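Contents: one structure, followed by commentary.
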Amino acid sequence: MAAINVLSRLYVSSIDQGLRDLKHITDAPVTIRFRYGTLELASVGAFLLIAGNEADLAPYRETQATATVENLKDMQSKFEAEGAAVLVAPQDVPTGRNMTVRHAAGAVIEYVQLDYRKLSALPR
């Protein structure tokens, strides 16, 4: 049970401007782009851009990274056994299922179990 991929989160006011900025540091294509409530998200290379106004971004800013995992339930059991706190219980999201965890040392990380059927239905 290990993270498959880890994305650094970048909180931005404009997804389009954020993507233009990233063209200067990566040649990677945009692999996922979608809306989540009032936010717009896009992944490119090792980055996850999250765009919105300051009030809408505020609840998410504490989360430092997003990691994809094979089995969210197994990871939850492992984290709880290690003393981590589940801040957001597993829930359905546009890309699959996620949860947010505060680890014993204080890091806050979102974990996502991707659902490739949902991913293939997202606009690019």
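Nothing in this text is a laboratory measurement; each read-out follows from the coordinates by a stated rule. Remember, predicted model here, so these are calculated numbers, not experimental data. Every residue, glycine as well, gets a Cβ built from its backbone with ideal geometry; the counts of neighbours run over all protein chains shown.
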- Which value in deg cm²/dmol, rounded to the nearest 500, describes the helix-derived mean residue ellipticity at 222 nm for the chain, given -39,500 (n - 2.57) per DSSP H run of n ≥ 4 and division by the residue count? -5500 deg cm²/dmol
- Message: For the chain, what does the relative contact order come out to in percent, with C-alpha contacts under 8 Å and a separation of six or more?
- Response: 26
- Task: Please go through the stretch 50-79 and write out the trypsin sites (Lys or Arg not before Pro) that DSSP classes as loop and that have at most 16 other C-beta atoms within 10 Å.
- Result: Arg61
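Treating only the Cβ atoms of Lys and Arg (+1) and Asp and Glu (-1) as charged, compute the dipole magnitude of the stretch 5-121 about its Cα centre; round to the nearest 20 debye.
Roughly 180 debye, rounded to the nearest 20.
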- Query: Can you work out the FRET efficiency for the pair Ala2 and Val88, with r the C-beta to C-beta distance and R0 = 22 Å, to the nearest 0.05?
  - Reply: 0.55
- What fraction of the DSSP beta bridges in the chain is antiparallel, stated in percent and rounded to the nearest 5? 75
- Message: So I have (1) 2, 11, 20, 24, 24, 14, 5, 1, 0; (2) 2, 10, 16, 18, 14, 10, 8, 7, 6, 4, 3, 1, 0; (3) 2, 11, 20, 25, 20, 14, 7, 2, 0, and one of them is P(r) over Cα pairs in 5 Å bins from 0, in percent calculated from this model. Which one is it?
- Response: (3)
- Search the structure for amide H atoms under 5 Å from the amide H of Val12, placed 1.01 Å from N in the peptide plane, and list their residues when 5 or more places away or on another chain. Ile50, Ala51, Gly52
- With the chain treated as a Gaussian network of Cα nodes joined by springs under 10 Å, which of Val108, Val88, Val12 yields the largest mean-square fluctuation? Val88
- Query: In terms of the Cα gyration tensor, with a ≥ b ≥ c the square roots of its eigenvalues, is the stretch 70-124 rounded because a/c is under 1.5, prolate because a/b exceeds b/c, or oblate?
  - Reply: prolate
- Item | Full-stretch length increase - Leu57, Leu10 - with 0.36 nm per residue and alpha-carbon distance subtracted | 15.8 nm
